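Everything below concerns the one structure shown next.
Every number in this text was worked out from the coordinates using simple rules, so none of it is lab data. Just so it is clear, the model here is predicted, and its values are computed rather than measured. Neighbour counts run over all protein chains shown; Cβ positions are idealised from the backbone, glycine included.
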Amino acid sequence: MDIKGFQGYQGYKEQGINELSQGELLLLLYDELVKRLLRADLALGKEDYPLFEASVDRSLDIIRYLDDTLDMQYPISRNLNRLYEFFSFELNRVKAGRNKTELDRVKSMVGELRDTFREAQKNIRQEAAAQAPAGAGTQG
């Protein structure tokens with residue numbers, strides 16, 4: 001792919017991301033976090049420590065971003081902030097001690113949180129669809 005084609009692809013990709021709702025972006029971040037934790041787990045099992053550490057570091061970056069974007073005026077944000085702090089603390093311990101048991105625990109908790117957000121996003125879409133006037137979005 002030439003530079004022009006790559007730039008076109010990047011623009012297309014960015015446009016797609018810009019058109020996502022906040023909930024959809026949140027799910028993308030959680031999906032990436034779960035993927036990175038799984039990659040860390042697999043790398044640890046293969047004793048590929050550079051990949052393990054890079055995967056944990058990327059997971060920590062995602063958690064830091066999620067935490068930085070919280071709107072602290074909502075009580076749920078304060079709860080998520082504490083949870084993100086816990087994840088960060090545990091992942092730093094996982095990285096330092098190459099602890100598979102703790103990694104599995106954090107991976108499970110993050111997966112459950114992602115599934116909760118996915119379910120909430122699905123409910124929001126269903127409620128929005130139910131409230132939309134009949135025929136909305138169709139051309140006549």
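At 7 Å along Cα-to-Cβ for each site, give me the label-to-label distance between Asp104 and Gln73 in nm.
For Asp104 paired with Gln73, the spin-label model returns 4.4 nm.
Ala54 to Ala132: FRET efficiency via 1/(1 + (r/R0)^6), r the Cβ-Cβ distance, R0 41 Å, to the nearest 0.05?
0.40
Using θ = phi - 60° and the Karplus relation 6.51 cos²θ - 1.76 cosθ + 1.60, list the HN-Hα couplings for the range 70-82 in order, rounded to whole Hz, with x at every Gly or Pro.
For the range 70-82, the Karplus-derived couplings read 5, 9, 6, 6, 9, x, 4, 5, 5, 5, 5, 4, 5 Hz, x marking Gly and Pro.
Would you mind counting up the charge near Leu27? Only other residues with Cβ under 11 Å from its Cβ, with Lys and Arg at +1 and Asp and Glu at -1.
-2
Using the basic label-point model (7 angstrom from Cα toward the beta carbon), what is the Lys46 to Ile124 distance in nanometres?
About 3.6 nm, to one decimal.
How long are the three semi-axes of the equivalent ellipsoid for the range 22-125, computed from the Cα gyration tensor as the root of 5 times each eigenvalue, in whole Å, largest first?
25, 15, 11
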